[in-house]
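Everything below concerns the one structure shown next.
Throughout, read-outs are computed from the coordinates displayed, never taken from laboratory work. Only a predicted model underlies this, so the values are computations on that prediction, with no experimental measurement involved. Ideal geometry is used to build each Cβ from the backbone, glycine not excepted, and the neighbour counts take in all protein chains shown.
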Amino acid sequence: SADVLSQIFEFALHTDALNTWDDCMESRIPTAKDTPWPFMLVCRQWHDVASSDAGLWSTFIVNIRQLESSCCDVDHLPAIFEHVLCRSQQNPLTLKFALSATPYLAGIDEDGLSLMINTFTKLARMAVDHRERWRDVFLHINPGNYYYRDLAVLAWEVYSYRSAACQC
């Protein structure tokens, strides 16, 4: 039945999410290969169940670690997050965002670093726009030796919202 299938999807999704988020030590750049996306490719029934279960779409985890992520990896994140926000309907959101940028170690140019910072900022702003739906929010920003005003302002906005846990 659809209910059983939905429960299986939920278990697989949360097991996947918990296994890939320990303490911000590994990159996690969501793609269409991550659950629950592949469930929709199996057959029409799985697609219908996965796409209509808002609970499957209520968790979004992204960890941009510049040493492990390339600039190309982050371009798609706002579009994926927008899709997740839409599919999750009005369900409470669990959001975990982390950014660790150290350009002098990764050998990345300033443009690449700016793209990562701007993408992260856009994701966090999108999350702030849905703050009334927050269940759990984790925001970790480590911009290395650089100061980014937009990130500082954003961190304060998130921190000042009572339901959020902010680690800056």
For the pair Ala54 and Asn142, how long in nm is the line joining their label points, each one 7 Å along Cα→Cβ?
3.6
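Which order do peptides 78-87, 2-11, 121-130, 91-100 fall in by mean Cβ count within 10 Å, highest first?
Details: 78-87: 15.3, 2-11: 13.3, 121-130: 17.0, 91-100: 20.5.
Most protected by this proxy first, the peptides run 91-100, 121-130, 78-87, 2-11.
What's the FRET efficiency of Glu157 with Asp75 using the Cβ-Cβ distance as r and R₀ = 22 Å, to the nearest 0.05? Kindly include the intermediate steps, with their values, before the conclusion.
Details: r = 24 Å, r/R0 = 1.10.
The computed FRET efficiency comes out at 0.35.
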13 Å reach of a label modelled at Asn91, 7 Å along Cα-to-Cβ, counting backbone N of segment 39-59:
49-59
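Note the full-extension length gain between Lys122 and Lys33 as 0.36 nm times their separation in residues minus their Cα-Cα distance, in nm to one decimal. Walk me through the intermediate numbers first.
Details: separation 89, 0.36 × 89 = 32.04 nm, distance 2.22 nm.
The span from Lys122 to Lys33 would gain 29.8 nm if fully extended.
Taking R0 as 35 Å, what's the FRET efficiency between Asp111 and Arg44 from their Cβ-Cβ distance, rounded to 0.05?
Efficiency, rounded to the nearest 0.05: 0.20.
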